[in-house]
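First comes the structure, then the notes that go with it.
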Amino acid sequence: MRTEAEFKRVLTLFPVVLFGLAYMVPLTVFTTYGIVSQLTKGMLPAAYIITLLTMLFTAYSYGRMVKAYPYAGSAYTYAQKSLNPHIGFCAGWILLLDYLFLPMLNYLVSGIYLNAEFPSLPAWAWSLLVIIIVTLINVRGIKLVAGVNFALIAFQFIFITAFIILSIKGLLTDEGAGTLFSTLPFFNPDGSVSLVFSGAAILCLSFLGFDAVTTISEETVNAKKIIPRAIFLVTIIGGVLFIVISYLGQLIYPDYMSFNDPDSAGLEIAALIGGNAFKALRGHYLQTPPLFYLYQRLKELSQRLCENDCKDVCMESTGKY
């Protein structure tokens, strides 16, 4: 007899939105900051606006699918139930690749930033150290994971708040552009619309994870109502944060072509507005919050894929589960 595994529905809108923002990592704005600033001729905020508008269409699509299929599994479940089980199977394994490549990217970024702060060790050594730390924390259990993750999320918002305050203070004291209002971050005569769209294509990376809330549909109270709202809130809140941070960053550090290393431009901006102490805070922060969730969701999705695949094989061969 076939039995369906069910999760306890306990999550409300606020924790679901926090989950999505943690997975999205607001500080990821600094991951591509230097590269896209140079590519767009300083119009990074404009590129983020284009990206946000585009991602809202995707968020709307996910919201519609959640209402139709309020189950865990995200794109895998939607493709399986709305198109074809075989297409769903392929979508599920592609989704697993996302869960594999995203940690690789985060480990790479952590290595780059730590190497920029402590150049005595190569970036690959720092990445390896972060891998070991994250793995050990996950092995110890979900309670430790939750505690560490909460601390990292709190640090992100503390850093963002400090960054905004220090940037505004600097601009009011004639640092950088010396003004809080400028159209250059949105329209630079030396740039072009095509450069903004090229930057927007890269910045889609910053929004990876907004759809993660769909993976906890079966743990959410009234998922058909809450999950679509959470998807939109996570996308909009994350997008607004990206735009505000990049706008202030472009004003406080207008010479975007002078970064010593575009890959770690966030450190140079942090040092400019808050000195070495503030730079150290940014450098010590690791791109790890989504990694803890990724390990858990990778396990759950792989189990769901394997269970459903085995059931399909059994159904085809025997006519019953």
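For segment 217-224, the condition holds for at least one residue, the condition being that it is touching a residue at least 60 places away in the same chain (Cβ under 8 Å) and among the acidic types (Asp, Glu). Annotation for segment 198-214: at least one member residue is over 28 Å from Tyr78 (Cβ atoms) and surrounded by fewer than 23 Cβ atoms within 10 Å (Cβ to Cβ). In this structure, Ala154 qualifies as loosely packed, with under 12 Cβ neighbours inside 10 Å and either without any contact (Cβ under 8 Å) to a residue 40 or more places away in the chain or among the hydroxyl-bearing types (Ser, Thr, Tyr) (or both). A Cβ distance below 6 Å, combined with a sequence gap of six or more or placement on separate chains, defines the contacts here; from segment 118-129, residues that are under 19 Å from Leu102 (Cα atoms) reach residues that are surrounded by 14 or more Cβ atoms within 10 Å (Cβ to Cβ) and hydrophobic (A, V, I, L, M, F, W, C) in the pairs Ala123/Ile112; Trp126/Leu114.
Residue by residue, here is whether (1) in contact with a helix residue (DSSP H, G or I) (Cβ under 7 Å, 6 or more places away or on another chain); (2) of a type outside the set (Ser, Thr, Tyr) holds:
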{"site": "Arg140", "(1), (2)": "no, yes"}
{"site": "Ser194", "(1), (2)": "no, no"}
{"site": "Leu203", "(1), (2)": "yes, yes"}
{"site": "Gly209", "(1), (2)": "yes, yes"}
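The single condition among (1) at pLDDT below 80; (2) assigned to a helix (DSSP H, G or I); (3) not β-branched (Val, Ile, Thr) that Gly63 does not meet is (1).
Filtering segment 167-197 to residues that are modelled with pLDDT of 90 or more and of a type in the set (A, V, I, L, M, F, W, C) leaves Ile168, Leu171, Leu172, Leu180, Phe181, Leu184, Phe186, Phe187, Val193, Leu195, Val196, Phe197.
Within segment 27-55, residues that are farther than 20 Å from Ile160 by Cα and open to solvent by 10 Å² or more (accessible area, probe 1.4 Å) have Cβ atoms under 7 Å from residues that are of a type in the set (Ser, Thr, Tyr) and part of a helix (DSSP H, G or I) in these pairs: Gln38/Tyr256; Leu39/Ser198; Met55/Thr235, counting only partners at least 6 apart in sequence or on another chain. Candidates in segment 102-124 are the residues that are more than 30 Å from Asp211 (Cβ to Cβ) and not aliphatic (A, V, I, L, M); of these, the one that is most open to solvent (accessible area, probe 1.4 Å) is Trp124. Screening segment 206-321 for helices (runs of 4 or more DSSP H) wholly inside it with 3 or more residues that are at pLDDT below 85 and either within 16 Å of Leu21 (Cα to Cα) or among the aromatic types (Phe, Trp, Tyr) (or both) returns the ranges 289-318.
Given the condition in a helix (DSSP H, G or I), crowded, with 19+ Cβ neighbours inside 10 Å and hydroxyl-bearing (Ser, Thr, Tyr), answer yes or no: does some residue in segment 81-94 qualify? The answer is no; no qualifying residue exists. Look at (1) aliphatic (A, V, I, L, M); (2) at pLDDT 80 or above; (3) under 30 Å from Cys90 (Cβ atoms) and you find that Ala22 fails only one, number (2).
The values are calculated or read from the model by the stated rules, or taken from the named source; none is laboratory data. Here the structure is a predicted model, which means the values were calculated and not measured. Note that we place each Cβ from the backbone using ideal geometry, even for glycine, and neighbour counts take in every protein chain shown. In case anyone asks, the SASA skips ligands and DNA or RNA and just uses the protein heavy atoms, side chains included. Shrake-Rupley method; radii C 1.70, N 1.55, O 1.52, S 1.80 Å.
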